[in-house]
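Read through the structure below, which is laid out as structure tokens, and then see the notes.
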Amino acid sequence: MKAATLSVPALELISICMNTVGLPRWARYTGIILAISGDMAFVISVWTMRDSWRAGVSKTDQTELVTDGIYQISRNPAFLGFDLVYVGILLMFFNWLLFAFSIFAMFMFHLQIVKVEEVFLSNVFGSDYEDYKKKVNRYLGRKYNGKGNENHEISSRYEK
């Protein structure tokens, strides 16, 4: 995980400084939009979490299950933000090495979510987290259950 989080930004910086241009102009513009969207998703996710924000899993700190704000449309908006930034910068400054490292980082973050964070949250928050998982997708979107608007119930349960 450390290799992914350290190597990709370094390689991105090198690609930016070298101004590698491997894709058409429209791809670069799309990359700008994706990277900015990713930054915004990350900032909003941290802001929404407030005191519950943690880098990694802390078995000693007590937190609340946050399901409001951006967490109503993504269970992992910070990781979604990272992925959007990675893809955005890749589109702006494409080269095959950056491509390989970006895919590696996104895969490692996905494993972190699936193998560590989701297991931890399920253990700590039990059925509340399992209910939340049934209503909100891992990366983007809500799940429709066909029973009206009961998805609002979970978010209002955790509002202060």
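The values are calculated or read from the model by the stated rules, or taken from the named source; none is laboratory data. Values in this document were obtained by computation on a predicted structure and should not be read as measured data. Neighbour counts are summed over all protein chains in view; Cβ atoms, including those assigned to glycine, are modelled from backbone coordinates with ideal geometry. The accessibility values were calculated without ligands, DNA or RNA, using every heavy atom of the protein model including side chains. Shrake-Rupley method; radii C 1.70, N 1.55, O 1.52, S 1.80 Å.
So, in the stretch 11-21, exactly how many residues are open to solvent by less than 50 Å² (accessible area, probe 1.4 Å) and either out of contact with any helix residue (DSSP H, G or I) (no Cβ under 7 Å at 6 or more places or on another chain) or not hydroxyl-bearing (Ser, Thr, Tyr) (or both)?
Summing the residues that are open to solvent by less than 50 Å² (accessible area, probe 1.4 Å) and either out of contact with any helix residue (DSSP H, G or I) (no Cβ under 7 Å at 6 or more places or on another chain) or not hydroxyl-bearing (Ser, Thr, Tyr) (or both) in the stretch 11-21 gives 3.
Being without any contact (Cβ under 8 Å) to a residue 12 or more places away in the chain and among the β-branched types (Val, Ile, Thr) is true for just one of ILE33, ILE103, ILE70. Which residue is that?
ILE103
Could we say that GLU130 is over 19 Å from SER37 (Cα atoms), assigned to a helix (DSSP H, G or I) and open to solvent by 30 Å² or more (accessible area, probe 1.4 Å) here?
Yes: the conditions hold for GLU130.
Is it the case, given these coordinates, that ASP39 is within 30 Å of GLU130 (Cβ to Cβ), modelled with pLDDT of 95 or more, under 16 Å from the mean Cα position of the chain (by Cα) and not small (Gly, Ala, Ser)?
For ASP39, the condition - within 30 Å of GLU130 (Cβ to Cβ), modelled with pLDDT of 95 or more, under 16 Å from the mean Cα position of the chain (by Cα) and not small (Gly, Ala, Ser) - is not met.
Residues to consider are PHE94, PHE101; find the one that is crowded, with 16+ Cβ neighbours inside 10 Å, out of contact with any Phe, Trp or Tyr (no Cβ under 6 Å at 6 or more places or on another chain) and either of a type in the set (Val, Ile, Thr) or part of a helix (DSSP H, G or I) (or both).
Among PHE94, PHE101, only PHE101 is crowded, with 16+ Cβ neighbours inside 10 Å, out of contact with any Phe, Trp or Tyr (no Cβ under 6 Å at 6 or more places or on another chain) and either of a type in the set (Val, Ile, Thr) or part of a helix (DSSP H, G or I) (or both).
Name the one entry in PHE109, PHE125 that is modelled with pLDDT under 95, part of a helix (DSSP H, G or I) and farther than 26 Å from TYR29 by Cβ.
One residue alone meets the criteria, PHE125.
Kindly provide the set of residues from the stretch 111-123 that are open to solvent by 50 Å² or more (accessible area, probe 1.4 Å) and in contact with a Phe, Trp or Tyr (Cβ under 8 Å, 6 or more places away or on another chain), ordered by number.
Hits for the stretch 111-123: nothing passes.
Let me confirm something: among ARG75, ARG28, which residue is open to solvent by less than 30 Å² (accessible area, probe 1.4 Å) and among the charged types (D, E, K, R)?
Being open to solvent by less than 30 Å² (accessible area, probe 1.4 Å) and among the charged types (D, E, K, R) holds for just one of ARG75, ARG28, which is ARG75.
With (1) out of contact with any helix residue (DSSP H, G or I) (no Cβ under 7 Å at 6 or more places or on another chain); (2) farther than 28 Å from ILE16 by Cα; (3) at pLDDT 95 or above as the list, and ARG54 as the residue in question, which single condition is left unmet?
It fails just one condition, (3).
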